[in-house]
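The values are calculated or read from the model by the stated rules, or taken from the named source; none is laboratory data. Everything quoted here is computed from the prediction, not taken from an experiment. Don't worry about glycine lacking a Cβ; one is built from the backbone with ideal geometry, like all the others, and counts go over all protein chains shown.
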Amino acid sequence: MVLVDTTELEAEHVDALKKFLEERGVEFEEESVGLDIKIDGRRKLKFLLKKFLHKNGLKEDYKVISVRTASFDGFIVKRRKRA
């Protein structure tokens, strides 16, 4: 299972992400920091997250960051910094 931290994503976008993943047959559970996703391969999940951002016009506002530490293994959907 891979954890996706969606704390910086607005609630309406989190709901849209859940619907997007359900449409593609991806199983997930809600956690306190985001979604715990059952999927074959981290690359596929990163691809789906980026596709979601692009499809919903959020690519300019958010980015997907891969994180692997002892306490967290997954992705963070993070707001882009504006200059």
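Structural remarks
- The condition of being within 19 Å of Lys78 (Cβ to Cβ), free of Cβ contacts under 8 Å to residues at least 60 places away in the same chain and under 12 Å from the mean Cα position of the chain (by Cα) does not hold for Leu3.
- Count - residues of the stretch 24-76 that are at pLDDT below 90, part of a loop (DSSP other than H, G, I, E, B) and either acidic (Asp, Glu) or in contact with an Asp or Glu (Cβ under 7 Å, 6 or more places away or on another chain) (or both): 3
- Any hit, the stretch 6-26, residues being among the hydroxyl-bearing types (Ser, Thr, Tyr), under 24 Å from Arg82 (Cα atoms) and surrounded by 15 or more Cβ atoms within 10 Å (Cβ to Cβ): yes
- Taking the criterion of being under 15 Å from Asp5 (Cβ atoms) and surrounded by 15 or more Cβ atoms within 10 Å (Cβ to Cβ), the residues of the stretch 43-76 that qualify are Leu45, Lys46, Leu49, Phe52, Leu53, Tyr62, Lys63, Val64, Gly74, Phe75, Ile76.
- When residues of the stretch 1-23 are limited to those that are of a type in the set (Asp, Glu) and part of a loop (DSSP other than H, G, I, E, B), the one nearest to Ser71 (Cα to Cα): Glu8
- Residue within the stretch 60-72 that is in contact with a Phe, Trp or Tyr (Cβ under 7 Å, 6 or more places away or on another chain) and among the polar types (S, T, N, Q) present: yes
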